[in-house]
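Below is one structure, written out as structure tokens, with a few remarks after it.
The values are calculated or read from the model by the stated rules, or taken from the named source; none is laboratory data. Everything numeric in this text was worked out from a predicted model, so none of it was measured. So basically every Cβ, Gly included, is an ideal-geometry build from the backbone, and we count neighbours across all protein chains shown. For accessibility, only protein heavy atoms count, side chains too; no ligands or nucleic acids. Shrake-Rupley method; radii C 1.70, N 1.55, O 1.52, S 1.80 Å.
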Amino acid sequence: MTEVFNTPESMTKLTGDYALGHVRYATDGNNILRNVQPFVFRFHDQKISFAHNGQIVNAKSLRNQLEDQGAVFNSTSDTELLIHLIRRSPQPTFMEQLKDALRQLEGGFTFVLMVGNHIYGAVDPYSFRPLVVGQFPDGGYMLASETCALDVCGAEFVREVKAGEIIHFHEEEYDLISYTENTTTAIEAMEYVYFARPDSNIAGINVHTARKNSGKHLAEEASAPEADIVIGVPNSSLSAASGYAEASGLPYEMGLVKNQYVGRSFIQPTQALRDKAVRMKLSAVRGVVQGKSVVMVDDSIVRGTTCKRIVRLLKNAGAKEVHVRIASPLFMFPSFYGIDVSTSSELIAAHKTEDEIREYIGADSLSYLSVDGLVDAIGIDYDAPYNGLCMESFTGYYPAPIADFKERYLEQLTPLQEAFLDKGKQVNHAK
Ligand code: AMP
């Protein structure tokens, strides 16, 4: 955001009472300018702008169908589909067209749309991705993916937009409309584990508290009694590390420092750039870790890049032993609802056993939080599988269809994944 709005003038020239913004975390389509959101479409009768969080799993097949019918797409992103579906809908009003369009989409999504002086927000039928409403003291409203954005802007939390709902703002009022009866709750567990900011709440649960509880559960499940100190990987694992330290009675220390000027390493496009970003991002605090047996808590291992690098950093800084504790279960299965890990080939746990991962990252010991431990730690309680959490990456249970991704998913299943699923764990990808 600061790279675009980098001068006072870039903000002050934005006038008017309505605004829409988006920070792109691309999970579909290339990282090119044409895919930058919000998308703005100008028609003879209206102008529609919109932005999207998540991933539409039937985007490819819908797009192919529409192209066969003559549609011309401008971007390579799944998001653009929405405008085609809206404009092709035979329904008489914009609201009915929007409902019509949303009913054709599968996957994880929240949308915000601006049409004239109307603003709309919409959430998928599982509420994989969060969307919250805030109100300003002077009566204006805002929509955001996370509650921390409301705090930053001085808005008061009003409510979440729930699974299968559309919220419509017009002239200081809003209505809530549901566009489907077939809803359930499957909030993406990775929002709590990694994505969201610790000062946000999701479904009424504070993210820091959920992470801290994960750390406490982890300490109970995988103690390290011989260790001297507990450290976390800044920033996303600090909450879990503090929980681990509190529950284990070991001192919580700052063993790693983050360079605040380097962006997220995970979303760099190539492995070489990811390695470089991790190297520039973190430094070990020699004075803290030297000669110590260290428990290093991280929130997750996906490809293994971060953990391997950090273990090496700590050992180079003189740590005697490094015991890695991961505050989420083994990340064995890809996710298709918008967290940017949609192939098994990139998942270390799909290819290596826990012991092989330990060896690969060079740790003296390695343990993960259990599935039940994570569900318990987060503490939401909906009447749905995993208490309303989407745990697909840890269990192979996909609560919604995975549509266009299914063929590749089945093709790529590794012997380790097959064995895990055969052990009687639920799997629902055949939908
Ligand atoms: P890796 O280096 O690939 O094992 O990635 C794991 C690290 O990236 C963890 O330390 C997490 O904090 C972070 N992370 C986990 N999942 C994601 C994701 N979907 N997008 C970006 N970062 C992630």
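Worth a mention:
- For F128, the stated conditions do not hold, so it cannot be described as in a strand (DSSP E or B) and farther than 14 Å from L20 by Cβ.
- Scanning the stretch 327-353 for residues that are closer than 18 Å to I310 by Cβ and either touching a Leu at 6+ places or on another chain (Cβ under 7 Å) or more than 13 Å from the ligand (Cβ to nearest atom) (or both) gives A327, S328, F331, A349.
- In the stretch 258-278, the qualifying residues are those that are exposed (fewer than 14 other Cβ atoms within 10 Å of the Cβ) and either polar (S, T, N, Q) or within 16 Å of V230 (Cβ to Cβ) (or both), and the one that is modelled with the highest pLDDT is N259.
- The sole residue among G243, G255, G249 that is at pLDDT 95 or above, open to solvent by 20 Å² or more (accessible area, probe 1.4 Å) and more than 14 Å from the ligand (Cβ to nearest atom) is G249.
- In the stretch 320-338, the residues that are open to solvent by 10 Å² or more (accessible area, probe 1.4 Å) and more than 27 Å from the chain's Cα centre (by Cα): K320, E321
- Failed item, numbered, when Y360 is tested on (1) open to solvent by 20 Å² or more (accessible area, probe 1.4 Å); (2) within 14 Å of the ligand (Cβ to nearest atom); (3) at pLDDT below 95: (3)
- Hey, V311 more than 13 Å from the ligand (Cβ to nearest atom), farther than 20 Å from E221 by Cα, of a type in the set (V, I, T) and modelled with pLDDT of 95 or more or not: no
- Filtered residues of the stretch 285-305 (kept if part of a helix (DSSP H, G or I) and surrounded by 24 or more Cβ atoms within 10 Å (Cβ to Cβ)): V289
- Those strands (runs of 3 or more DSSP E) lying entirely in the stretch 136-221 with at least 3 residues closer than 24 Å to A384 by Cβ and free of Cβ contacts under 8 Å to residues at least 60 places away in the same chain: 156-160
- Residue within the stretch 25-43 that is within 27 Å of the chain's Cα centre (by Cα), closer than 26 Å to T270 by Cβ, open to solvent by 60 Å² or more (accessible area, probe 1.4 Å) and among the basic types (K, R) present: yes
- Test: E96 is surrounded by 17 or more Cβ atoms within 10 Å (Cβ to Cβ) and either at pLDDT 95 or above or under 20 Å from G21 (Cβ atoms) (or both): no
- Filtered residues of the stretch 274-291 (kept if closer than 20 Å to K320 by Cβ and small (G, A, S)): S283, A284, G287, G291
- Qualifying positions in the stretch 368-427 - among the hydroxyl-bearing types (S, T, Y) and either over 21 Å from T343 (Cα atoms) or without any contact (Cβ under 8 Å) to a residue 24 or more places away in the chain (or both): Y368, S370, Y382, Y386
- Residue check for V288: in contact (Cβ under 8 Å) with a residue 12 or more places away in the chain, farther than 30 Å from I205 by Cβ and aliphatic (A, V, I, L, M): yes
- Evaluation of K352 against (1) modelled with pLDDT of 95 or more; (2) in a helix (DSSP H, G or I) (one fails), failing number: (2)
- Test: residue in the stretch 56-77 that is aromatic (F, W, Y) and either in contact with a His (Cβ under 6 Å, 6 or more places away or on another chain) or buried (at least 17 other Cβ atoms within 10 Å of the Cβ) (or both): no
- Close pairs (6 angstrom Cβ cut-off, 6 or more residues apart or separate chains): closer than 13 Å to D364 by Cα and among the aliphatic types (A, V, I, L, M) in the stretch 307-324, open to solvent by less than 10 Å² (accessible area, probe 1.4 Å) and assigned to a helix (DSSP H, G or I) anywhere: V311/I361; L314/V289; A319/V289; V322/V311; V322/L314
- Of note, K281 satisfies the criterion of being open to solvent by 10 Å² or more (accessible area, probe 1.4 Å) and either in contact with a Leu (Cβ under 7 Å, 6 or more places away or on another chain) or within 13 Å of the ligand (Cβ to nearest atom) (or both).
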